1. Could you give me the radius of gyration and the Dmax of the protein assembly as shown, taking only the C-alpha atoms into account and expressing both in angstrom?
2. HN-Hα J couplings of segment A:161-167 from phi, Karplus 6.51/-1.76/1.60, θ = phi - 60°, integer Hz, Gly and Pro as x?
3. In Å, what Kirkwood hydrodynamic radius results for segment B:55-98 from the alpha-carbon pair distances?
4. According to the square roots a ≥ b ≥ c of the eigenvalues of the Cα gyration tensor, what is the shape class of segment B:21-139, taking rounded for a/c under 1.5, prolate for a/b larger than b/c otherwise, and oblate for the remainder?
5. Each residue of segment B:40-47 in order: what ³J(HN,Hα) in whole Hz does its phi give by Karplus 6.51 cos²θ - 1.76 cosθ + 1.60, θ = phi - 60°, with x for Gly and Pro?
6. Mind listing the long-range amide H neighbours of B:E116? Cut-off is under 5 Å, sequence gap 5 or more, other chains count too, H placed in the peptide plane at 1.01 Å from N.
7. Restricting to Cα pairs below 8 Å that are 6+ residues apart, what does the relative contact order work out to for chain A? Please round to a whole percent.
8. Return the whole-Å distance between the Cα centroid of segment B:109-131 and the Cα centroid of segment A:173-225.
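Every number in this text was worked out from the coordinates using simple rules, so none of it is lab data. Bear in mind the structure is a predicted one, so any value in this text is a computation, not a measurement. Glycine gets a Cβ as well: all are built from the backbone with ideal geometry, and neighbour counts include every protein chain shown.
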Amino acid sequence: MGSIILFLVIGSTIWWQIKPDTEKSDFLVEAHQYEKALEYDPENSDAWMARSVSYNKAGDFNKGFEYLDKAVALDPEKHLGYRGWIRLRKMRDYDKALLDFDTLDNLTPNVVDAPWGEGIDFLRGECYFGKKDYPKAIEMFNRNITNQKEDWADIHSFVYLGLCEYELGNYEKAITEFQRALQLSKNVPESYFGLAKAYEKLGQTEKAREYIVSAEEHIGSKRDDYYNEYLNEIYLSEIVEFKHALENK
Amino acid sequence: MTKFIYLLTILPLLTFSQETNDCDERTMPYWANYINSRIEGENPTLRNAFRDIQLVETNITPSSGFITLRLYITKTGEFCEMETFQIDENYEPTVFNNGALITALETIALSLTNWERDKDYKTYNLIRLKIKNGKIEEIF
């Protein structure tokens, strides 16, 4: 037994010693030992990026970006999308997020990028929506739908299109966009809520009442992520408040 | 005699026992283990709580940046302590309104109650404020 253990110890020591530092560094990133990984390879962009994650998630963006900026400087194509995503979702720094997404897009011609798994045009659409530049947001969400194809696009592309048209005072168009989302799935409370608001603006209170009930019924399917609040996130309290306002009309 | 022996056994335990405090427990990040910690009413509650200061503060200096309030909450929903982070538009540390703004925000945050969670762990919640053009533009 003792000789087996001795063999394993010697074997793993030799295995470790013959590895180049870059491989040791990658191995340590996999093991979540980011500081050690950077000691072996200070140019390991994945280690810098991974080291930034917990700080940004915990709201210490000064520290988080100190590390994330190093990752981007070392490998912009790999990390710009994530940095833009963090700026959008965790900080709502729309201008800098757009800068990152646009730079990434320029670095990767003929590729539709997907920062952190989401369509780049959907994310750019959210940035413009946050900036209240609704015409530009509409352009981006439509481009996302074209790229992803109508049946496969993120259903919230249509919800956002409805919200943008609503904000521009185009209530009929808003209704069309919210209905497009519901054609793909009936479980989109954001669309029902949007329809209720648009019909209320058009003076069709009965229709508004009908859709606010649907919004309340489907609230369990709302777009939700306890890491971040989405820009189009809705809440039961807001639906109930709007419902009471409609009842008193 | 039995009582005396019982006292002798229990007394040292009482003497050396420490008062347990839920705030001393290990803090789990809000994203771990499906803790899903939030305030009752979620973010609309937060926005209501900070609405007055949002209306009053219209000339904040520096005029752009970000504030994070990190509130540590026990497994039973009691407030323990708060950490704050203030950065400018380039994400460098700053102090808004020479410290007066963060003091006012902390006071509001301390008045928040009814923290809820799906799992009973000590955790922390973030309240994020975006400052733009001298105003509190977003609270989330």
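1. Taking only Cα atoms of the protein assembly as shown, I get Rg and Dmax of 25.9, 90 Å.
2. 4, x, 5, 5, 4, 4, 5
3. Roughly 12.1 Å, rounded to one decimal.
4. Because a/c hits 1.5 or more and a/b exceeds b/c, segment B:21-139 counts as prolate.
5. Computed from phi, the couplings for segment B:40-47 are 4, x, 6, 4, x, 4, 5, 5 Hz.
6. Those qualifying (amide H under 5 Å, at least 5 residues apart or on another chain) are B:R38, B:I39, B:E40.
7. This gives 9 percent for chain A.
8. 30 Å
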